[in-house]
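What follows is a single structure, written as structure tokens, with notes after it.
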Amino acid sequence: MRHSHRRDLVIGSAAAGLFLLAHGDGMAQAQEGARVIPWTDQPPPVPPPLASVARNLTSWENLDSWITPTDRFFEVGHYGWPEIDPASWQLAIEGHVDAPDRLSLAELKARPRQEVTFTLECSGNHGLPFLVSAIGNARWAGTSLAEVLRQAGIRDGAKEVVFFGADRSEEVLRAGTPIELRFETNFARSMSVEDAMNPANMLCYEMNGQTLPSAHGAPVRLVAPGWYGIANVKWLQRIVVSETRFLNRFMARDYVTVRERRQGDQTMISETSVGPQLLKSAPARVLSAAGSHRIEGMAWGPTPIAAVEVRIDDGPWMRAALVGEDGGAFAWRFWRLDWQAQPGEHRITSRAIDTEGHVQPAMDDPVIAGKRTYWESNGQVTRAVRIG
Ligand SMILES: Nc1nc2c(c(=O)[nH]1)N[C@H]1C(S)=C(S)[C@@H](COP(=O)(O)O)O[C@H]1N2
Ligand SMILES: [Mo]
């Protein structure tokens, strides 16, 4: 336990012994005698039209292991849930390249293998009342995207790399007007050539040591560590190197963050495509054992987590202890704070601080308060609990 902060000493002492077993393997459940006190502000169920888009949301109380088991990992599919025959599947590499190629799954698996532990968060997480646990941390394995692109030979003048999924649906522009346009299109997202060539990116065929399940994009998905979920294109079918920018629904119409900003004495609106992950944390659960309490949660973001602070009701910020695995640049950190709780209703808020001193913004920070869309909601998360 860290004692770098004075308030730590006050909070950390008496209850510490009771919870010692809790994080030996990162599992809160492994702890004898400790009981989870469910939050009183439970999210409503995903409303029917979206329940087939965002599935398998596991409550924060049950996201209790550092690696999220695949059967508790949330799933998002905007254009349905394709089942692809891995034996006949091929990945096309085409567009502005010297040597267009088609790669089978066996050929991809024969290439050098790489792995990463990456916490995948949907950019809508915490932006909608029913979407508050669209996050999970998994061990992903595959082969380098950059090496496949290098082999195809990106030609001068290329701007972007576009990733097409096999999932397809109809899109409508100017709906309900005399100049409405309907067309069928595949799910796709693009990245600048520079971002695509990041050595962390992989063509992924394994999740948590098993064959990538179809709900998570089998046979092969893009894993783009450090990016919000939307960039991690599932059911990959074609990778097209492009000389122009690619502006589909998932780059430029939806998945666009609309923000009001003060610019001198004017208010301006900025509209930006959902991008890399942002600094964030959330309280995950409150545990109780023999009259003592402990708050546990996670923190993640683009830069290493230096500290997490927790506030109870309107009290002072208290430093939590970072615990469990430090799984590298792309994985969440678990944290905990022992708590001498008084009976009654309480609000628990956490904020992450990175090694560069950035602090996760409060909900009334202009960067969050000025946001008109639910994407990229990295404001501080407050949960409610009743201590009996
Ligand atoms: N082909 C395809 N890839 C996709 C999506 C999709 O609808 N189709 N959804 C994206 C979004 S919004 C998220 S949050 C992640 C979710 O990944 P998971 O289902 O493995 O959790 O997949 C991304 N990749
Ligand atoms: Mo998402």
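Things worth noting here:
- Of the criteria (1) outside any loop (DSSP other than H, G, I, E, B); (2) open to solvent by 20 Å² or more (accessible area, probe 1.4 Å); (3) of a type in the set (Val, Ile, Thr), which one ILE368 fails: (2)
- Filtered residues of segment 192-219 (kept if open to solvent by 10 Å² or more (accessible area, probe 1.4 Å), closer than 22 Å to TYR255 by Cβ and not hydroxyl-bearing (Ser, Thr, Tyr)): VAL193, GLU194, ASP195, ASN198, ALA200, ALA215
- Selection count, segment 349-365, where residues are closer than 27 Å to ALA138 by Cα and either aliphatic (A, V, I, L, M) or surrounded by 21 or more Cβ atoms within 10 Å (Cβ to Cβ) (or both): 7
- Criterion applied to PHE250, PHE246 was being in the same structural domain as ALA92 (by TED's automatic domain parsing), touching a residue at least 12 places away in the same chain (Cβ under 8 Å) and open to solvent by less than 20 Å² (accessible area, probe 1.4 Å), and the one residue passing it is PHE250.
- Considering (1) touching a residue at least 60 places away in the same chain (Cβ under 8 Å); (2) β-branched (Val, Ile, Thr); (3) open to solvent by less than 50 Å² (accessible area, probe 1.4 Å); (4) under 26 Å from GLN277 (Cα atoms), the lone condition that ILE93 does not fulfil carries the number (4).
- Number of the condition not met by ARG249 [criteria: (1) closer than 29 Å to ARG311 by Cβ; (2) within 14 Å of ligand 1 (Cβ to nearest atom)]: (1)
- Residue identified as among the hydrophobic types (A, V, I, L, M, F, W, C) and surrounded by 23 or more Cβ atoms within 10 Å (Cβ to Cβ) among LEU128, LEU120: LEU120
- Residue, nearest to ligand 2 (Cβ to nearest atom), within segment 92-112, restricted to residues that are charged (D, E, K, R) and out of contact with any strand residue (DSSP E or B) (no Cβ under 6 Å at 6 or more places or on another chain): LYS109
- In segment 220-236, the qualifying residues are those that are more than 9 Å from ligand 1 (Cβ to nearest atom) and assigned to a strand (DSSP E or B), and the one that is surrounded by the fewest Cβ atoms within 10 Å (Cβ to Cβ) is TRP227.
- Residue match in segment 335-348 (condition: crowded, with 21+ Cβ neighbours inside 10 Å and without any contact (Cβ under 8 Å) to a residue 40 or more places away in the chain): no
- Members of segment 133-165 that are within 16 Å of ligand 2 (Cβ to nearest atom) and either closer than 15 Å to TRP300 by Cα or without any contact (Cβ under 8 Å) to a residue 60 or more places away in the chain (or both): SER133, ALA134, ILE135, GLY136, ASN137, ALA138
- Taken over segment 254-265, residues that are within 15 Å of ligand 2 (Cβ to nearest atom) and either of a type in the set (Gly, Ala, Ser) or open to solvent by 30 Å² or more (accessible area, probe 1.4 Å) (or both) amount to 1.
The values are calculated or read from the model by the stated rules, or taken from the named source; none is laboratory data. Keep in mind that what you see is a predicted model, and the values were worked out from it rather than measured. In this analysis, Cβ positions are derived from the backbone assuming ideal geometry, glycine residues included, and neighbour counts consider all displayed protein chains. The area values use the complete protein model at the heavy-atom level, side chains included, leaving out ligands, DNA and RNA. Shrake-Rupley method; radii C 1.70, N 1.55, O 1.52, S 1.80 Å.
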